[in-house]
Amino acid sequence: MKRIAVLTSGGDAPGMNAAIRSVVRTGLHNGLEVFGVSRGYAGLMAGDMVLMDQRSVGDIIQRAGTILRSARSEEFKTEEGQKKAVEQLEARGIEGLVVIGGDGSFRGARSLSKWGVKAIGIPGSIDNDIPCTDYTIGFDTAVNTALDAITKIRDTASSHGRVNVIEVMGRRAGFLALTAGFAGGAEHILIPEVPFDLDEVCQKIIEGYKRGKTHNIIVVAEGVWGYQGPERPAGESVGFRIGELVREKTRLETRVTVLGYIQRGGAPTALDRILGSRFGARAVELLLEGKAGRMVGIIGDQIKDFDIDYALEQTKNVNLDYYRIARILS
Ligand code: ADP
Ligand code: F6P
């Protein structure tokens, strides 16, 4: 293998730049030419890519977002779209492709594998909802961003004796809400994976209030829209809906904060920079070993690789021990 390419796709995540830097520099170290593709699969279909050098990935390890930019493309889901992408790679003699993104991006990588492209997936998403890896790039940074917000809101919640509902991202999954809520000492954590009864939650809030409790933090995963129901409709907020219901049921002053896109930015934590760097290096090594159709993951502290087809069939569960202990401690 002489030429490879790297792209970022789907929702960006802090630490993706560290992964790009690692793919480029590990590739160059091993005598490969490395192309950086702009705007994910949309850019791949358009042939929007440039040759990267050492300096092109300088000064990015500390930056969130992705220097390659990201995009979602409906066209790429079609055979015609995929053929366009394959033609662009073949025209440049690019044999290997590293895809940094979430499960949708992995489905894209899998479809390219079926056309003979040697693709390797690197899990990058603040949602941490990708199987076969304990952590995805960006999750740790997003947890710390959400935790910082929860901590600040807790300060003012105590002063005013209010109920504060905080909506956290995560798409359909509760990893981010559960981890940040647990670390933040939230009184209630509502996630799609665990059924809950809002009447019971409100009853506990009222009882706590009578005992003199000065604050009540409810962390809500955006994925509980419709309470364990379908994905959040665009532009709608489950946090505001829960806030309204809590206000009605408890008659307590209730405030709502939707954390939103701040969770996708901010300097990546040490963990995310190191994870991105390790994943990037391993992805290139796999290509050099002639492997394809695989994703890298971290299990314990070991970097492993798995068949993408196999990974996409697995489900990843939140750690219910977090939930159990959080309930006891709140
Ligand atoms: P994420 O990678 O963060 O989960 P998306 O689900 O939006 O984000 O997927 C990113 C892109 O991957 C999509 O816009 C599309 O181009 C591609 N993709 C998603 N699902 C498929 C699929 N089943 N087949 C081919 N490409 C897909
Ligand atoms: O997958 C990452 C994520 O931030 C989810 O937590 C969220 O539901 C979604 O992306 C938002 O997507 P978009 O960037 O398209 O608004």
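A few notes on this one:
- Dipole magnitude for segment 104-155: computed about the Cα centre from +1 point charges on Lys and Arg Cβ and -1 point charges on Asp and Glu Cβ, it is near 420 debye.
- Spread of Cα-to-Cα distances over 10 Å intervals beginning at zero, given as percent, for segment 13-112: 15, 49, 32, 4
- Couplings 3J(HN,Hα) of segment 49-65, computed from phi: 8, 9, 6, 9, 10, 3, 6, 5, 10, x, 6, 10, 4, 8, 9, 7, x Hz, in residue order, whole Hz [Karplus 6.51 cos²θ - 1.76 cosθ + 1.60, θ = phi - 60°; x for Gly and Pro].
- According to the calculation over all Cα-Cα pairs in segment 140-264, the P(r) per 10 Å bin from zero is 15, 50, 32, 4 %.
- Long-range HN-HN contacts of Leu190 with modeled amide H, under 5 Å: Val219, Val220, Ala221
- Candidates Ala173, Ala18, Ala85, ranked by Gaussian network fluctuation over the chain, Cα under 10 Å, top entry: Ala85
- Rounded if a/c under 1.5, otherwise prolate or oblate - segment 178-330, Cα gyration tensor axes: prolate
- GNM top mover of Ile120, Ile100, Ile303 - the chain, alpha-carbon springs below 10 Å: Ile303
- Those lysines that a straight Cα-Cα span of less than 28 Å connects to Lys213, excepting residues fewer than 8 apart in one chain: Lys152, Lys204, Lys249
- The lysines within cross-link reach of Lys114, meaning a Cα-to-Cα straight distance under 24 Å and a gap of 8 or more places when in the same chain, are Lys2, Lys77, Lys83, Lys84, Lys291, Lys304.
- Normalised per residue, the volume of the convex hull around the Cα set of segment 153-223 (Å³): 73
- Just checking the listed ones, Gly47, Gly58, Gly161: in the Gaussian network model of the chain with Cα springs under 10 Å, the one fluctuating most is Gly58.
- Projected label distance in nm at Gln62 and Leu252, using a 7 Å step from Cα toward the beta-carbon: 4.2
- Within the chain, percent of DSSP bridges classed antiparallel, to nearest 5: 20
- Environment charge of Ala71, counting only residues whose C-beta is closer than 12 Å and scoring Lys/Arg +1, Asp/Glu -1: -1
- For Leu97, distant residues with modelled amide H under 5 Å away: Ala5, Lys118, Ala119, Ile120
- Calculated accessible area for the chain comes out at 44 Å² per residue, all protein chains present (probe 1.4 Å; ligands, DNA, RNA ignored).
- Above 23 Å, the calculated P(r) of segment 87-195 contains 44 percent of its Cα-Cα pairs.
- Among Gln82, Ile67, Ser38 the positive-end extreme of the charge dipole of segment 1-120 (Cβ point charges): Ile67
- Other-chain or far-sequence residues with amide H under 5 Å of Gly15's (modelled H): Gly65
- Building the convex hull from the alpha-carbon atoms of the chain and averaging its projection over directions returns 16.3 nm².
The values are calculated or read from the model by the stated rules, or taken from the named source; none is laboratory data. Since we're looking at a predicted model, the values are computed, not measured. Note: ideal-geometry Cβ built from the backbone for every residue, glycine included; neighbour counts use all protein chains shown. Accessible surface is based on the protein model in full, side chains and every heavy atom, while ligands, DNA and RNA are left aside. Shrake-Rupley method; radii C 1.70, N 1.55, O 1.52, S 1.80 Å.
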